[in-house]
Amino acid sequence: MKHFISMQQLSKETMNQILKEAELIRKSPKTINKQLFAANLFFEPSTRTKMSFEVAQRKLGLEVLNLYEEGSSLIKGESLYDTAKTFEAIGADFLVVRHPSDYWMDEIEEEGQLNIPVFNAGSGKEEHPTQCMLDLLTMYQEFGNVEGKKVVIAGDIIHSRVAKSNARALEKLGADVYFSAAPGFEDHSLPFPYITMDEAVEIADALMLLRIQHERHIHKTETDDYLSLYGLTMERAARMQKHAIIMHPAPINRGVEIDTRLVESKQSRIFKQMENGVYVRMAILIHVLKEWGIINENDINECKALNII
């Protein structure tokens, strides 16, 4: 694996391998006994992904370099590629990048070549692979696997990189994937059936809610009636199967896509997802750094192997 950019590049076997490693790390943390520099290049606002990556890096014992766009040469017109090459030149061992462009990695590769691994922390409306992996870990912890499970992704599908990454990966792993969306929020380029929220709560093993991404809309979307028409109300939640779980990549718009009383309800796994993000990102970093030969088994403090998944 050259870079960790898209769920489409991962085989079922690789996904399961990373999930197993993440669960091992959750039970018995690992550290890397080698000085490595992690460079975090975030060009969009982020709380969970950025802090989760940084906590993962620090737990592994890495040195952390954070780029702040307003204090960098980007405001002088420097390209993303030149910024990335700069971090490579000064000694960064890998880059974690979030950028509003849908295909920022293509832009980097067109301009030249990076000789260090790159991890996609979010690309426009197209991909969010590490979020997908933490969502999968949450479902695997709950169900053992996702094969044959009904997963409904509901909300602003057309603007959601989370929806795209999750739908493709879940299909590859054998889940039955459905979308639910308000009119105008659909993405019919993706081959998954649409159902209403009332249908969704009846069939879902996992119901993954998405916020309305106002920052990506050309026109302001009114949300006064959104919860009652398209969101997860208390009445709808009462009709969910007893084993079903509620998920959300966050940030959450309480009272819009979900009744605020459900955010920390018994069936909610929203904050468990955030916790799992650290373990998954630790596992992904170790996996890719080993593939590049940047680290090997002797550089890792091992934990006892367990057959988790």
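Values in this text are rule-based calculations from the coordinates and carry no lab data. None of the values given here were measured: they were computed from a predicted structure. FYI the Cβ positions are ideal-geometry reconstructions off the backbone, even for glycines, and counts take in every protein chain you see.
For the chain, hydrophobic long helices are taken as DSSP H runs at least 27 Å long by C-alpha position along their axis with mean Kyte-Doolittle hydropathy of -1.0 or more; these are 270-291. Subtracting the Cα-Cα distance of D102 and A89 from their residue separation scaled by 0.36 nm leaves 2.1 nm.
Residues whose amide H lies under 5 Å from that of N66, counting only those 5 or more places away or on a different chain, are N40; hydrogens are built 1.01 Å from N in the peptide plane.
Charged neighbours of E63, selected by a Cβ distance under 14 Å, balance to +1 (K, R count +1; D, E count -1).
Expressed to the nearest 5 percent, the antiparallel share of DSSP beta bridges inside the chain is 5 percent. Extension gain, E147 to K34: 0.36 nm times the residue separation minus the Cα-Cα distance gives 36.8 nm. Label sites at K266 and I203, each approximated as a point 7 angstrom past Cα along Cα to Cβ, lie 2.6 nm apart. With a cut-off of 14 Å between beta carbons, the residues surrounding I5 carry a summed charge of -2, where Lys and Arg count +1 and Asp and Glu -1. Looking at segment 236-278, the trypsin sites (Lys or Arg not before Pro) that sit in a DSSP loop and have at most 13 other Cβ atoms within 10 Å of their own Cβ are R239, K242, K266. Legend: calculated FRET efficiency, D82 to R239, from the Cβ-Cβ distance at R0 = 45 Å, rounded to 0.05, equals 0.25. Estimated purely from DSSP H runs of n ≥ 4, each contributing -39500 (n - 2.57), the mean residue ellipticity at 222 nm for the chain is -11000 deg cm²/dmol once divided by its residues.
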